[in-house]
Amino acid sequence: MNIGLMGGTFDPVHNGHIAVAEKASARLELDEVIFMPAAQTPLKEENCITAVEHRVEMVRLAIAGHPNFRLSTIEMNRTGPSYTIDTVSELRDLIGEDSEIFFLMGCDSLANFHLWKEPERLIQACRLVAVPRPGCAVPDLDVLEAEVPGLSKNVIILDEPNVDISATAIRQRIAQGLSISRLVPEPVEEYIRKHRLYL
């Protein structure tokens, strides 16, 4: 099986996340894409993130109409920051060695990949798939290769979708009383409104 992994805070999950998963799924012939909301990420303070129960439920609602998308709570069940290498290693033990894992990330994350925990080990455990982000140039693979030897052989750079949607901007729009329709799936918009999130 070919399995795509999409991690992040999903605060909130939005149409850009769904578009990336759909495009990667078609382009890489993925059998499934697993969305993994993080309880706490190493780069964000825990008190700045919406409660994980809300974020998990929003992901559940967002992917409900996609038969090859599924939700994993593997990271929310772990104490402390969520490191990708720990998640991929745990998932590898569950699915076995025969499946290929593709970790989906933005080009901006790829540029900082050398700062991640155990990047050399991570590129042995999965392939990286970088998707474009508006205003973010594709990192120089020669530079990345010098920082993490072997990376250039284990990264796929997609040229689309180039979706200009960010969770930060969505939270700001909600706080300002502006519409977020067409930025998030409709059930997610309804959930946000019902639970008065981001106000």
**Request:** Please report, in Å, the Rg and the Dmax of segment 90-176, where both are computed over Cα atoms only.
**Result:** 15.1, 49
**Message:** Defining a contact as two alpha carbons under 8 Å apart and six or more residues distant in sequence, what relative contact order in percent does segment 1-128 show?
**Reply:** 31 percent
**Asked** Of all DSSP beta bridges located in segment 2-164, what percent are antiparallel, nearest 5?
**Response** 5 percent
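If you place +1 on the Cβ of every Lys and Arg, -1 on the Cβ of every Asp and Glu, and leave all else neutral, what size is the dipole of segment 29-169 about its Cα centre, to the nearest 20 Debye? If you can, show how the numbers build up before the last one.
Values: 11 positive and 24 negative charges, 72 e Å.
About 340 debye.
Antiparallel as a % of all DSSP beta bridges within segment 99-199, to the nearest 5? Kindly include the intermediate steps, with their values, before the conclusion.
Numbers: 1 of 10 bridges.
If I count the DSSP bridges inside segment 99-199, around 10 percent turn out antiparallel.
Given the DSSP H assignment, sum -39500 (n - 2.57) over each helix run of at least 4 residues in the chain and divide by its residue total; what's the result at 222 nm in deg cm²/dmol, nearest 500? Walk me through the numbers before you get to the answer.
Values: 8 runs with 76 residues, N = 199.
Helices in the chain give a 222 nm mean residue ellipticity of -11000 deg cm²/dmol.
Per residue and in cubic angstrom, what volume does the convex hull of the Cα atoms of segment 2-164 have? Working shown, then result.
Numbers: hull volume 18.2 nm³, N = 163.
Spelled out: Cα convex hull of segment 2-164, divided by residues, is 112 Å³.
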**Prompt:** If the chain between Leu178 and Asp164 were fully stretched, how many nm would it gain, using 0.36 nm times the residue separation less the Cα-Cα distance?
**Reply:** 3.3 nm
**Simple label model, 7 Å out from Cα along Cβ direction - Ala146 to Met76, nm** = 4.3 nm
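Read-outs: derived from the displayed coordinates by stated rules, not from any lab. Small disclaimer: the values here were computed from a predicted structure and weren't measured. When we count neighbours, we look across all protein chains shown, and the Cβ atoms used for this are built from the backbone with ideal geometry, even at glycine.
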